[in-house]
Amino acid sequence: MLHALATVMTPVCLAALMQPGVKDSMAFGVGRQTAAEKDAVLLVLAHGSDWNTLGERMFHELWNDSDFASAVGCVLADVDVLQSPSAESKQANDARNKGWVEKGSGLRTYPAILAYAPDGTLIGSRQGADLPRKVVEIRAVTLQLAADCRKWVELTAATAKAKAGADPTTELTLLIQRDGLPLARHPSLLEDLRRLDPDDAGGHLARLSLPHWNTLVQQATSQAQAGKGEEAEQRLLGLLANTAYTREQRAGLHLALGSVYRRWADHDELAAKHMRTASTVAPDSVCGIAGMRLYLRLYGGPSLFMGWEDRHTTDTAAANWVIEDLPAELEAGVYTLRLKCTRGGSLMLTGAALCVDGKPIVLGPGEAELAGKGSTLELEFTLDKPLSNATLQIILGERAKSRGELTWTRLR
Amino acid sequence: MRTHLLLALLVPLGIDSEGERLMADLHRQCGPTSWSNLQGIEGWEGFASALERDGTWLRELLDSGPVRQPERVLMFLHDLWQADPDLHHRPIDRSMATACALAFGMNNVKTEVMRARFDYYRDSHAAGLLNACYAGLSTWERRFLARGSQWGFLSEAESLTFLRDTITWPRAQYTRACWQAPYRSFNCLGDTVQGPEYYRPFRGSFAAAPQMVITVGGVCGALSNLGASAAMANGIPAATMGEPGHCAYTVKVDEKTWQPAYSLSWKRSLHTSFYSNSWPGLMLTEACYSDSAAMAKSGDLARRAHAKEAAGDIERADWLWGQALKAHGLNLDLWEQWATFGERTNQGPQWWRTFHDALLLGLGEHEEPTWSVLSRRVYPKLIKGLDASSRSRLFMDWVRRLKTWGGGRWNVEGAWAWMLKEVAIDQHAQLVRDIGGEVLSSSDFGPAYVSWLLTRYTPESPEWDSILAGVLKASGASDEAHAALRQLARKALPDAAERGDVGTFQTIGKAAARLSQPQSMEGLEPFEGELLSAGGLLHVSGRGNRWDSPEHHWGVLGEHGGACHTDNGASFIAVRLAHHARLTGLVIQNRKGGNMWRAGGSRIEISADGKEWQQIGTLQGTKPIYRVDLTETDHSGIWVRIVKDTNCLHLRRFLVYGQKRS
């Protein structure tokens, strides 16, 4: 009889073992404890079962899939944040989510994958723009996140070992390597850098502790507006003397300095210089673009961005207009510069040319007149070969005060 | 007469099916020229045929709010259908397409913009990226999504995609989404938000426009548009709204509830509306359209009324209008149409009296929309030829119905002022007394009435005694001027406080301040920023307890000084500011005497909405003056309170300092 029972039960048991686990995802509190006990990384999925469809797909297709659980090699837990719970479901859900506190968790949006070290430190997350919208892509991103987290844990352990072994050089190298991972910055990093490299010979502290460009520029502007331009200038020049900063950071510093000089009487030339430099240093960065636009608006010649203004047409204004914001690369072809007067009187143009390094390369039409408000004029330029970093020079004759728009178009 | 003939020509004979009847009404709304234009569009026949065979779709089109510029609406819907002829078989996409078409008819937005918006919702829904509530929205709700926010660039597809992917929260939390952006009147370069240079250096440099707003900042317009757009990007109905000197927004936080967000005042003007852009107008819209069965029934009766009128049977048409409004008294559009019918068919005073009585019965609970129809359409017909007394009696029929704010606080004072203009000057005092006799006891209308009285008549004006005496006699109170004012303030101030009506609290409070001498500010050192509590209101728990003096509540908030006292037991004293603010400090002046210890140990809490509170500190020890320095913190809110679980609280001053964030 026993033999018969075994014959029946064995395939049943095997089948049960081969079935994927129904609930691989733990509640947050259980997951946190388990991760601590196993000295493993904890991945928490924050989702909303009654409102967030993508999160639910992640929960069912990844967090409750044994294959994924095996592949990811982390403890998986989830927090379900309900949108419209009944009294009973809220009670049950709150009980399951016990231990979860949203403030300080790293959660910004749903769904979110939050990664924690065994000791509970937030290592990083994937949410919002960092998280794809298709589950198959999310799977790949999560596996990579898990790998990065394991690397983080490894480096943290190695750092601790180097610290214990009084090896600051290795410790510093490991800290920087860890910070280079696409994860959150460790809360004690700056403090550790100050300890390990008090003179900041490596430049890491400077680079990592520079405030966000918005804060940097705002502080500098406020100082200048409060009459402390010199103080702000000295501070920013001091920072610029440090070669540790990235191009984008340097663009921010130049923009900040430009803003200081703008608010400091009789410093227009320096303001213009630093705003342009922001653009030269990192032309595609937020600060680089802002610097160029601010320069063109306040100090520069006419531009495609701003058109021309009254100050470009006064008697004391330069007789030559130099338009600096053409596209950096111009392919061979035929282009037009369209001038449209939106206010004021007429302009006489006596010549126009595309220039490189100040030298005319492609001549445009000779004399031309733009009548007053509402009138337009098109100047055509034919490029036989490509040009890089060209400017457009226009020589003015008689002019009345006016304003207008400039448009650069490729015809063919 | 010409209109009747025209209508008769438009209505085809022998209409039998529901689809045909509904299409006939669509034809009527378009008019012959537009209808003819539409029939000339390539593919129109197939589209019209699909529409006619689908009664559900037709009702979505006809019974989901106003159909303005119907030719434009139908052309847009036709284009969507032609690009995707299976569209009407997918209920959610069909409903969204119809909503986009209807929204397209309400303004002059470009075709490609609305098309892109529809594509966004269709594709996001297909990919499962919207809040689950989106699938269950009615067409009228989707019109809010289709309209988008006031700042069009935050409702373009790129912005919506960014917001959908980065601000995805449970529905009710979108009332806080505005705070994703910092409140900055000047950008980091020192350029003012009031000019074009604020965002100009940064446009196009971010992943999407909302990221620019979140990074660079903005003031109320930016924050409200961001909050509303974030909700709408996730398929949750929302709308921006203007308030005096401010921009706020509202989010539909559940199936029935619209929640104001970043709002300072009841004086709201919605940027997305069907008939009335006021807050009570939105409440009526919600009540009206959420009853789809009543909408269908009343709509069908109205369509039959139009058909009967076109056929020349005016009596039957009139009867059908009455039935339509009996079927759904909340259908404001039909009240307006019925009034237009009355004008078109030159109905006399008796007819308008019947209309008036039906209106009060059917729509009366929503006083503001009712008042709008009465004052614009009904009273001008009824009061001609009536003497002042008769007019007053007519007006009082409506005044008697004013018990609670049906759809929310509205400018009822304007209604009373309008009435006064329609009666002789020597009748004013009587009408004012009569109104007061009816509304003074109302917790909602009483404070508004007192505030209105105080703006019309100061206690020093000659009419004050006679009017107030009459009012208070009717309510059984004393008739001495100061005593009268005290009596009024004791009721009206807590009423206004309970309803969060800062304006009314301030009006009544300032008037009541003459009842006490100003108290010295000696020893009360301010914090940096403005004394924001001075413009707010005070809400004290344990209303009506024998130790409190509500007429002195206003003084507690500022330099005048005052007094307040809670009841025994769990207590709070709360300040509601006139503006959202970053707090820099609190100065709390205790009441003198042996019970000063009661304030010690109280929790200090702040809130952005008066519902969810965050503790930020505790009043330590027993002190005559507590200074709570918040300059090094980042605490913000519009409510500040002290709370105790036992005993009671009493103060002379509760001063809140900070910088406005709205």
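Values quoted throughout were computed directly from the atomic coordinates according to the rules given, and no laboratory measurement underlies them. Nothing here was measured: the structure is a model prediction, and the numbers come from that model. Reconstructed Cβ throughout: ideal geometry from the backbone, glycine too, with neighbour counts over all protein chains shown.
Structure values in brief
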{"quantity": "Where trypsin sites (Lys or Arg not before Pro) fall in DSSP loop in segment B:499-579, at most 14 other Cβ within 10 Å", "calculated": "B:R546"}
{"quantity": "Distance in nm between pseudo-label sites at B:N411 and B:K267 (7 Å out along the Cβ direction from Cα)", "calculated": "0.8"}
{"quantity": "Low-density loop positions, GluC sites (Glu not before Pro), segment B:36-119 - DSSP coil, at most 11 other Cβ in 10 Å", "calculated": "B:E42"}
{"quantity": "Efficiency of FRET between A:S209 and A:A328 - r from beta-carbon atoms, R0 25 angstrom, step 0.05", "calculated": "0.15"}
{"quantity": "Alpha-carbon centroids, segment B:122-165 and segment B:214-264: separation in whole Å", "calculated": "14"}
{"quantity": "Exposed GluC sites (Glu not before Pro) absent: longest stretch of chain A, with sites in DSSP loops and at most 12 other Cβ within 10 Å deemed exposed", "calculated": "A:103-330"}
{"quantity": "Unsatisfied cross-links (Cα-Cα over 19 Å) in the set A:K340/A:K373; B:K267/B:K510; B:K510/B:K623; B:K308/B:K381", "calculated": "B:K267/B:K510; B:K510/B:K623; B:K308/B:K381"}
{"quantity": "Estimated Rh, the protein assembly as shown: Kirkwood, alpha-carbon pairs, angstrom", "calculated": "34.7"}
{"quantity": "Sorted by Cβ neighbour density within 10 Å, fewest at the top, the residues B:I616, A:I138", "calculated": "B:I616, A:I138"}
{"quantity": "Cysteines in chain B that, by Cβ-Cβ distance, have no pairing candidate under 4.7 Å", "calculated": "B:C30, B:C100, B:C133, B:C178, B:C188, B:C288, B:C564, B:C648"}
{"quantity": "Cut-off 11 Å between beta-carbons: net charge of the residues surrounding B:L282, Lys and Arg +1, Asp and Glu -1", "calculated": "0"}
{"quantity": "Trypsin sites (Lys or Arg not before Pro) within segment A:284-392, DSSP loop, no more than 15 other Cβ atoms inside 10 Å", "calculated": "A:K373"}
{"quantity": "Cβ-derived FRET efficiency at R0 35 Å, B:K326 paired with B:L531, nearest 0.05", "calculated": "0.05"}
{"quantity": "Contact order relative to length of segment A:310-410, as percent, for alpha carbon pairs under 8 angstrom and 6 or more apart", "calculated": "45"}
{"quantity": "C-alpha long axis of helix B:44-53 to longest principal axis of chain B, angle in °", "calculated": "70"}
{"quantity": "B:C648 long-range amide H proximity, modeled H, under 5 Å", "calculated": "B:G569"}
{"quantity": "Two-site label geometry, A:E369 and A:V136: point separation in nm, points 7 Å out along Cα→Cβ", "calculated": "6.7"}
{"quantity": "Between helix B:111-126 and chain B: long-axis angle, C-alpha atoms, 0 to 90°, nearest 10", "calculated": "80"}
{"quantity": "Net +/- balance of residues flanking A:R293 in space, Cβ distance below 12 Å, scoring K and R +1, D and E -1", "calculated": "0"}
{"quantity": "Kyte-Doolittle mean at least -0.5, axial Cα span of 27 Å or more - DSSP H helices of chain A", "calculated": "A:135-164"}
{"quantity": "Gyration tensor (alpha-carbon) shape descriptor, segment A:213-298, a/c threshold 1.5", "calculated": "oblate"}
{"quantity": "Rounded FRET efficiency, nearest 0.05, which uses the C-beta distance separating B:Q350 from B:A483 and R0 of 35 Å", "calculated": "0.15"}
{"quantity": "Summed residue charge, Cβ within 13 Å of A:N52's Cβ, Lys/Arg positive, Asp/Glu negative", "calculated": "-1"}
{"quantity": "Shape call, segment B:521-660: gyration tensor on alpha carbons, a/c limit 1.5", "calculated": "rounded"}
{"quantity": "Inter-label distance for A:W408 and B:D387, nm, one decimal - labels placed 7 Å from Cα along Cα-to-Cβ", "calculated": "8.4"}
{"quantity": "Ascending count of other beta-carbon atoms within 10 Å, so fewest first, for A:M348, B:M283, B:M232", "calculated": "A:M348, B:M283, B:M232"}
{"quantity": "Binned Cα-Cα distances of segment B:265-398, short to long, each 10 Å bin given as a whole percent", "calculated": "12, 41, 34, 13, 1"}
{"quantity": "Chain A, helix-only ellipticity at 222 nm - DSSP H runs n ≥ 4, -39,500 (n - 2.57), divided by all residues, nearest 500", "calculated": "-13500 deg cm²/dmol"}
{"quantity": "Chain B shape via C-alpha gyration tensor axes, a/c threshold 1.5", "calculated": "oblate"}
{"quantity": "Helix B:220-233 vs. chain B, principal-axis angle (Cα, 0 to 90°, nearest 10)", "calculated": "50"}
{"quantity": "Residue-averaged [θ]222 nm for chain B, counting only DSSP H segments that reach four residues, each worth -39500 (n - 2.57)", "calculated": "-14000 deg cm²/dmol"}
{"quantity": "Debye equation applied to the C-alpha atoms of chain A, log10 I(q)/I(0) at 0.10, 0.15 Å⁻¹", "calculated": "-0.90, -1.22"}
{"quantity": "Exposure proxy ranking, count of Cβ atoms within 10 Å, fewest first, for A:L114, B:L163", "calculated": "A:L114, B:L163"}
